[in-house]
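Before any comments, here is the structure.
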Amino acid sequence: MHLLLAQQGTISDGEEAIDLGQTPGDILFLSAADSELAAIAAAHREHGAANSLRLASLMSLKHPMSVDTYVERTARHARLIIVRALGGASYFHYALEALHAAASRVGALIAVLPGDARPDAGLVAFSNVSLDDLNALWAYLIEGGDANARAFLDYAGAMLSGTEKPAPAVPLMKAGIWWPGRGLIGVEEWRRVVSDMSSSFVEVVTPPSVLPDISPTKGGDRQVARASQRRTACGCCSLG
């Protein structure tokens, strides 16, 4: 069978076998989410991690021959393989079996994580690291954000070096208020502010740089900031 060489910017539907043409690296991270791949790639560029990193979309490894080629060219040389399997084991079963077998043959580590925030016991059998390590890596990806992406790479590096592992994932606020000059504040804090402010609204040219006092205010202008939700978003890219 003829293998197409994967081209940057193209999308494979998995119907044809392709060769990703990716060189080996210390750590492989495979995910079906392009935004997640982009976040980890950006963290690696900015953080300057000691271990080489290779990223690949699982959606490009749906054809068995694509998987076999990737394992032979790239995966069998890795020291740590991390897979985020959106859809569970049934969707990427051949790829997960092949990656696990490759890791077992060369004594590499492999961690297969759920693709969303729901636990998936069916993926544990494809991993050879502890549950603590699986849960720690998974938590960094669930929470998201720049700091957790950097910590994800630090944790992966510590798994290889045996050094001290970084702190657990830091939960990101799921919803909050953007207050000019102050940044993100919690919804509960905003409610306390609003409950203590007058129902009269005064348009202001310059937004306040600090929050008003929580205690009731007697007289004077009242200032109300507009609320908006904010959450970190990531772009899309992959490393070769």
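Observations on the structure shown:
- Cβ-based exposure ranking for 150, 73, in which fewest neighbours within 10 Å come first: 73, 150
- Neighbour counts of C-beta atoms inside 10 Å place 159, 59 in the sequence 59, 159, starting with the fewest.
- Applying the criteria of a DSSP loop state and at most 14 other Cβ atoms within 10 Å to the GluC sites (Glu not before Pro) of the stretch 85-186 yields 164.
- Taking every C-alpha pair closer than 8 Å and separated by at least 6 residues, the mean separation divided by the residue count of the stretch 4-161 gives a relative contact order of 24 percent.
- Summed side-chain charge close to residue 133 - residues other than residue 133 whose Cβ falls under 15 Å, Lys, Arg +1, Asp, Glu -1: 0
- Scanning residues 5 or more positions from residue 83 or on other chains, those with amide H under 5 Å from its amide H are 30, 111, 112, 113, with H placed 1.01 Å from N in the peptide plane.
- Values of log10 I(q)/I(0) for the stretch 4-161 across q = 0.09 Å⁻¹ run -0.25, by the Debye formula with one identical scatterer at each alpha carbon and no solvent.
- Neighbour net charge for residue 80 - beta-carbon separation under 12 angstrom, K R +1, D E -1: 0
Here, each number is a calculation from the coordinates, and none is a lab measurement. It should be emphasised that the depicted structure is a prediction, and the values quoted were computed from it without experimental measurement. Counting neighbours? That spans all protein chains shown, and the Cβs are built from the backbone with ideal geometry, glycine included.
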